[in-house]
Amino acid sequence: MTYEPEVRERLERDAKEIIGRYPRPRSALLPMLHLVQSVDGHITQDGIEFCAETLGITPAQVTGVSTFYSQYKRAPMGEFHVGVCTNTLCAIMGGDQIWDELTAHTGVGHDEAMPDGKISLERLECNAACDFAPVMMVNWEFFDNMTPEKAKRLVDDLRAGKDVAPSRGAGSLCSWKQAARVLAGFPDGRAHEGVPAGPESLRGLELARERGWTAPSPDEDREQPHEPVGAGEITDPPPNEPGEPIGGDVKPGSQEGRNQ
Amino acid sequence: MTTLTPVLTRNWDQADSFTRAGYEREGGYRALRKAFTMAPDEIVQAVKDSGLRGRGGAGFPTGMKWGFLPPSSPNPRYLVVNADESEPGTCKDIPLMLANPHVLVEGVIISSYAIRSNHAFIYIRGEVLHVIRRVQRAVEEAYEAGYLGKDILGSGYDLDVVVHSGAGAYICGEETALLDSLEGFRGQPRLKPPFPAVAGLYGGPTVINNVESISSVPSIVEHGADWFASMGTEKSQGYGIFSLSGHVTKPGQYEAPLGITLRELLDMAGGVRAGHRLKFWTPGGSSTPIFTDEHLDVPLDFESVGAAGSMLGTRALQIFDETTCVVRAVLRWSEFYAHESCGKCTPCREGTYWYKQMMKRLEAGQGTEEDLETLLDISDNILGRSFCALGDGATSPVVSSIKLFRDEYLRHFELGRCPFDPAKSTLWGGAK
């Protein structure tokens with residue numbers, strides 16, 4: 001199976017844009033894997049071959065990279081990919097119980113999707129929201145301070161097609177494929193939605209305001225900005241042209257299998 | 001008494017804190033204008049003088065790192081921001097980028113100008129969709145305002161910034177693994193030397209700094225190195241975000257001078273949750289040896305935490321009360337390191353694998369005191385023999401827990417099971 005011509009055309013256009021961001025094309029591989037996942041829902045043989053052909057590397061090299069990273073899936077996931085943090089802190093705060101109850105509730109396990117294709121589950125490692133433990137993620141949006149009941153209701157609501165909003169994120173969840181497209185570097189225009197910070201994130205600031213604590217006040221007599229430094233004063237080294245490939249010999253880190 | 005010093009968190013309660021308008025209303029991008037009145041080397045010197053040390057865990061002096069770049073090189077030089085925050089317990093950069101992405105962007109522009117780079121990358125872990133949206137948008141807004149692109153603010157200086165999403169791999173927080181990942185490879189660490197300052201991204205001189213380090217630069221430029229150094233301790237200067245999580249009444253982010261103590265922070269956060277007492281905690285994430293209530297008054301700065309036998313790390317204070325089984329905690333961390341070991345070097349790949357197998361058995365009560373010696377022996381074969389710090393970090397919880405809680409391991413073996421009820425540790429099960 002290969003991509004339909006119009007899908008292929010769009011992929012090629014997007015891939016070209018991604019490659020243009022980097023001094024060397026190979027840097028585009030991770031975003032391109034997010035891109036093909038945004039079309040197929042997981043990393044397919046077609047996606048691997050598309051990346052390989054576009055970047056002039058082998059399918060084995062692409063596969064080697066895609067299997068290293070846990071966000072690239074080797075089988076179809078649900079429209080809503082539901083993660084439960086079971087790293088130590090969240091696990092102890094209740095993540096283990098949430099995971100147990102959620103797997104029993106849905107009948108699926110780690111990186112598995114329900115037959116209707118709506119929901120898949122994943123045991124997550126720490127997602128950098130420990131002050132909101134136990135934490136869950138749906139399509140990589142935050143659901144904070146979860147309980148087993150809230151977790152099951154969340155999954156039921158998603159299966160029933162209800163609009164669900166994360167604790168700190170967009171006003172409603174986008175699909176798994178749409179999320180992958182943002183990760184590929186194609187913004188969806190939703191950055192302005194949602195709160196700036198969750199209540200826990202503000203605890204220190206609120207306490208400081210309440211007690212009148214601030215950082216030391218800077219010297220009020222400090223110099224005001226002058227005219228900018230001119231271009232001629234910044235000469236060493238010469239500015240490079242972003243986006244241009246860099247020639248020269250093979251440098252450390254520029255080829256695979258360099259640890260021999 | 002130490003008090004909080006909100007700088008990076010100062011605007012987080014403003015509804016539009018993450019927009020350029022909101023950031024500029026609070027004085028944002030003033031430092032950038034001032035930076036362009038300074039020569040690049042003056043900024044490097046100011047960062048050196050400020051005493052700023054890397055906020056990503058290792059604590060290496062930021063200005064010194066910048067100073068390692070060779071004065072000239074045939075290859076372009078790069079700034080890479082490490083926004084791959086994944087260390088268990090660490091949760092400061094993610095809320096920072098969500099609420100205040102422009103302070104990072106302003107820091108990137110000033111830092112790139114200081115090190116004479118024209119191309120910067122922000123490598124954000126891929127599992128934080130909305131954070132990525134916010135940083136993408138902040139970079140777009142900076143281009144729209146003429147803060148990025150060609151001839152920034154008429155300075156003649158050019159800079160392009162790329163927001164790059166990772167794809168789920170803790171190891172990519174290791175700076176050279178991050179570079180391999182950014183170049184489109186499996187994220188595996190590189191042999192050092194050469195250090196990234198000499199041969200980094202695409203072989204060019206590269207500075208890699210943590211989000212919070214780079215975000216601290218605008219305040220140093222605007223208010224001066226002395227202002228920054230007036231906070232903190234003699235060798236650990238400035239402010240930092242302290243993240244309290246777990247069995248604490250008010251978990252959250254507390255921005256304070258380095259050198260504050262857990263006792264002071266717990267007091268601010270309402271103490272350990274009602275009816276319970278502190279059992280153990282991490283000063284800086286799971287890779288830092290655990291502490292107990294004996295360490296409540298250790299100043300949380302690089303030197304004091306080091307002298308007390310752990311590391312300041314990322315100031316990720318995970319608090320566990322007496323309902324928590326330390327063996328279970330260590331088991332789960334060991335599973336994490338085994339999952340995240342990149343497989344490149346044998347001590348880490350095999351060592352974390354065996355940690356996991358053994359800890360599972362021990363937590364289930366199927367062990368003997370001899371197993372503890374085996375665990376320590378494995379630890380000796382990982383620590384200092386691994387390719388990067390991931391393996392070293394994996395040994396921290398194992399070794400420190402055996403040192404501090406040997407009796408609790410033995411109790412598991414005597415009973416033939418775990419003596420704790422996990423339900424009591426949960427958010428909803430804590431009531432006595």
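Looking at region B:274-302, I want the residues that are of a type in the set (Asp, Glu) and have a partner that is part of a loop (DSSP other than H, G, I, E, B) with Cβ atoms under 8 Å, at least 6 apart or on another chain. Which pairs are those?
The qualifying pairs are B:293/B:277; B:297/B:261; B:301/B:233; B:301/B:235; B:301/B:236; B:301/B:258; B:301/B:259; B:301/B:312.
Condition first: touching a Phe, Trp or Tyr at 6+ places or on another chain (Cβ under 7 Å), at negative phi and either buried (at least 20 other Cβ atoms within 10 Å of the Cβ) or not basic (Lys, Arg) (or both). Can you find one or more residues in region A:107-123 that meet it?
yes
So which of B:383, B:362 ends up being away from chain A (no Cβ under 13 Å) and either more than 24 Å from the chain's Cα centre (by Cα) or at positive phi (or both)?
Testing whether each residue is away from chain A (no Cβ under 13 Å) and either more than 24 Å from the chain's Cα centre (by Cα) or at positive phi (or both) leaves just B:362.
Quick test for you: out of B:272, B:248, pick the one residue that is within 11 Å of another protein chain (Cβ to nearest Cβ), touching a Leu at 6+ places or on another chain (Cβ under 8 Å) and modelled with pLDDT of 95 or more.
From the options B:272, B:248, the qualifying one is B:248.
Enumerate the pairs (first residue in region B:324-344 and under 17 Å from residue B:409 (Cβ atoms) and assigned by TED's automatic domain parsing to the domain that holds residue B:172; second residue anywhere and modelled with pLDDT under 95 and assigned to a helix (DSSP H, G or I)) with beta-carbon separation below 6 Å, excluding pairs fewer than 6 apart on the same chain, so at least 6 apart or on different chains.
Pairs that qualify, where the first residue is under 17 Å from residue B:409 (Cβ atoms) and assigned by TED's automatic domain parsing to the domain that holds residue B:172 and the partner is modelled with pLDDT under 95 and assigned to a helix (DSSP H, G or I): there are none.
Say we look at region A:159-177 and pick out the residues that are among the basic types (Lys, Arg) and not in a loop (DSSP other than H, G, I, E, B); which of these is farthest from residue A:136 (Cα to Cα)? Step through it out loud before you land on a result.
Narrowing region A:159-177 to residues among the basic types (Lys, Arg): A:159, A:162, A:168, A:177.
Now narrow it down to the ones that are not in a loop (DSSP other than H, G, I, E, B): A:159, A:168, A:177.
Working: A:159: 17, A:168: 12, A:177: 19 Å.
Among residues in region A:159-177 that are among the basic types (Lys, Arg) and not in a loop (DSSP other than H, G, I, E, B), the one farthest from residue A:136 (Cα to Cα) is A:177.
Just for region B:140-156: of the residues that are touching a residue at least 12 places away in the same chain (Cβ under 8 Å) and more than 32 Å from the chain's Cα centre (by Cα), which one is surrounded by the most Cβ atoms within 10 Å (Cβ to Cβ)?
The qualifying residue surrounded by the most Cβ atoms within 10 Å (Cβ to Cβ) is B:155.
Could you please let me know if residue B:70 is touching an Asp or Glu at 6+ places or on another chain (Cβ under 9 Å), at negative phi and outside the structural domain of residue B:310 (by TED's automatic domain parsing)?
no
What's the number of the condition residue B:48 fails, among (1) basic (Lys, Arg); (2) more than 13 Å from chain A (Cβ to nearest Cβ); (3) buried (at least 23 other Cβ atoms within 10 Å of the Cβ); (4) over 18 Å from the mean Cα position of the chain (by Cα)?
(3)
Taking interchain pairs and intrachain pairs at least six residues apart, which have beta carbon atoms under 6 angstrom, with the first residue in region B:90-102 and at the interface with another protein chain (Cβ under 9 Å from one of its Cβ atoms) and of a type in the set (Val, Ile, Thr) and the second surrounded by 24 or more Cβ atoms within 10 Å (Cβ to Cβ) and part of a helix (DSSP H, G or I)?
If the second residue must be surrounded by 24 or more Cβ atoms within 10 Å (Cβ to Cβ) and part of a helix (DSSP H, G or I), the pairs left are B:94/B:131.
Go through the residues of region A:188-197 one by one and say whether even a single one is farther than 30 Å from residue B:3 by Cβ and assigned by TED's automatic domain parsing to the domain that holds residue A:106.
No, there is no match, as no residue in region A:188-197 is farther than 30 Å from residue B:3 by Cβ and assigned by TED's automatic domain parsing to the domain that holds residue A:106.
Out of region B:286-313, which residues are of a type in the set (Asp, Glu) and either crowded, with 24+ Cβ neighbours inside 10 Å or in a loop (DSSP other than H, G, I, E, B) (or both)?
B:297, B:301
Pull out all pairs, ordered by first then second residue, where Cβ-Cβ is under 6 Å, the residues are six or more apart or on different chains, the first lies in region A:178-190 and is in a helix (DSSP H, G or I), and the second is surrounded by fewer than 19 Cβ atoms within 10 Å (Cβ to Cβ).
A:182/A:188
Out of B:202, B:239, report the one residue that is within 30 Å of residue A:26 (Cα to Cα) and crowded, with 24+ Cβ neighbours inside 10 Å.
Answer to the check: B:202.
Within the set of pairs 6+ apart or on separate chains, which have a first residue in region B:112-125 that is of a type in the set (D, E, K, R), a second that is modelled with pLDDT of 95 or more, and C-beta atoms under 6 Å apart?
Taking only residues 6 or more apart or on different chains, the pairs are B:116/B:40; B:125/B:84; B:125/B:86; B:125/B:166.
Hey, could you check region B:7-18 for residues that are of a type in the set (S, T, N, Q) and surrounded by 21 or more Cβ atoms within 10 Å (Cβ to Cβ) and say which is nearest to the chain's Cα centre (by Cα)?
From region B:7-18, those of a type in the set (S, T, N, Q) are B:9, B:11, B:14, B:17; that's our starting set.
From what's left, surrounded by 21 or more Cβ atoms within 10 Å (Cβ to Cβ): B:9, B:11, B:17.
Numbers: B:9: 16, B:11: 21, B:17: 23 Å.
Residue satisfying both the conditions and the ranking: B:9.
Just checking, does region B:351-373 include any residue being touching a residue at least 40 places away in the same chain (Cβ under 8 Å) and aliphatic (A, V, I, L, M)?
So far as region B:351-373 goes, yes, one or more of its residues are touching a residue at least 40 places away in the same chain (Cβ under 8 Å) and aliphatic (A, V, I, L, M).
Among the residues of region B:157-175, which ones are farther than 18 Å from residue B:337 by Cα and either touching a strand residue (DSSP E or B) at 6+ places or on another chain (Cβ under 8 Å) or surrounded by fewer than 24 Cβ atoms within 10 Å (Cβ to Cβ) (or both)?
Once the filter is applied, which keeps residues that are farther than 18 Å from residue B:337 by Cα and either touching a strand residue (DSSP E or B) at 6+ places or on another chain (Cβ under 8 Å) or surrounded by fewer than 24 Cβ atoms within 10 Å (Cβ to Cβ) (or both), region B:157-175 yields B:158, B:159, B:160, B:161, B:162, B:163, B:164, B:165, B:166.
Taking residue B:391, is it outside the structural domain of residue B:188 (by TED's automatic domain parsing), in contact with a Lys or Arg (Cβ under 8 Å, 6 or more places away or on another chain) and either part of a loop (DSSP other than H, G, I, E, B) or of a type outside the set (Asp, Glu) (or both)?
So residue B:391 passes the test.
Before we move on, is residue A:136 crowded, with 19+ Cβ neighbours inside 10 Å and either facing chain B (nearest Cβ under 7 Å) or more than 21 Å from residue B:254 (Cα to Cα) (or both)? Give the derivation first.
Details: crowded, with 19+ Cβ neighbours inside 10 Å: yes; either facing chain B (nearest Cβ under 7 Å) or more than 21 Å from residue B:254 (Cα to Cα) (or both): yes.
Spelling it out, residue A:136 is indeed crowded, with 19+ Cβ neighbours inside 10 Å and either facing chain B (nearest Cβ under 7 Å) or more than 21 Å from residue B:254 (Cα to Cα) (or both).
Got at least one residue in region A:197-207 being surrounded by fewer than 19 Cβ atoms within 10 Å (Cβ to Cβ) and at pLDDT 95 or above?
Checking region A:197-207: at least one residue is surrounded by fewer than 19 Cβ atoms within 10 Å (Cβ to Cβ) and at pLDDT 95 or above.
The values are calculated or read from the model by the stated rules, or taken from the named source; none is laboratory data. On a predicted model such as this, the values are computed, not experimentally measured, just so you know. Glycine gets a Cβ as well: all are built from the backbone with ideal geometry, and neighbour counts include every protein chain shown.
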